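To keep things clear, I will list the structure first and then write my remarks on it.
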């Protein structure tokens, strides 16, 4: 059962629940956990994605889970056909790139047609990290 408080908070932050925002949330959560990184301060996020919704909604999910924001200037977005997050920890120099599996992203349109944006987002929330993301390698 999904955490309703989490869903309500992400919904309030982004305006609705959709699969790209949830994917960004999950990518940020994974990077923070794998790097044992602080949130909000001491980290920098670089997001690559198409520059328009719905894929650009990935950025909001990353902001929500990492605490990196445009106001603090610790997040940047680069327009790209590929969707990815690179999270860097300032103190240690450690960084991790999280790349969603293309086959998962390719399913989003079908999932939204079959049901709605929120149902698609919940599917993303329920998937394992291994199902959602390419294998990762740390660098420092």
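Bear in mind these aren't lab numbers, they're just calculated from the coordinates by the rules spelled out. Only a predicted model underlies this, so the values are computations on that prediction, with no experimental measurement involved. FYI the Cβ positions are ideal-geometry reconstructions off the backbone, even for glycines, and counts take in every protein chain you see.
Quick notes
- Peptides 24-36, 112-124 ordered by average Cβ neighbours within 10 Å, highest first: 24-36, 112-124
- With helices as the sole contributors, the chain gives -12500 deg cm²/dmol at 222 nm; each DSSP H run of n ≥ 4 counts as -39500 (n - 2.57), and the sum is divided by every residue.
- Under conditions of 25 °C and 0.890 mPa s, the range 4-140 yields 167 µm² s⁻¹ as its translational diffusion coefficient, taking Rh as the Kirkwood radius over Cα pairs in the Stokes-Einstein equation.
- Centre separation in Å (Cα based) which lies between the range 1-73 and the range 78-137: 10 Å
- Value in Å of the Kirkwood radius, where the range 41-80 supplies the Cα pairs that are averaged: 10.1 Å
- At R0 = 22 Å, FRET efficiency that the Cβ-Cβ distance of residue 69 and residue 94 yields, to 0.05: 0.60
- Using alpha-carbon coordinates, inclination of helix 4-14 to the longest axis of the chain, degrees: 80 degrees
- Helix 57-66 and the longest principal axis of the C-alpha atoms of the chain enclose an angle of approximately 50°.
- Between 0 and 90°, nearest 10: helix 19-35 axis offset from the chain longest Cα axis: 30 degrees
- With R₀ fixed at 30 Å, the C-beta to C-beta distance from residue 118 to residue 52 puts the FRET efficiency at about 0.90.
- Between residue 131 and residue 40, full extension at 0.36 nm per residue minus the direct alpha carbon distance yields a gain of 30.1 nm.
- By DSSP, the beta bridges lying fully in the range 4-127 are antiparallel in about 65 percent of cases.
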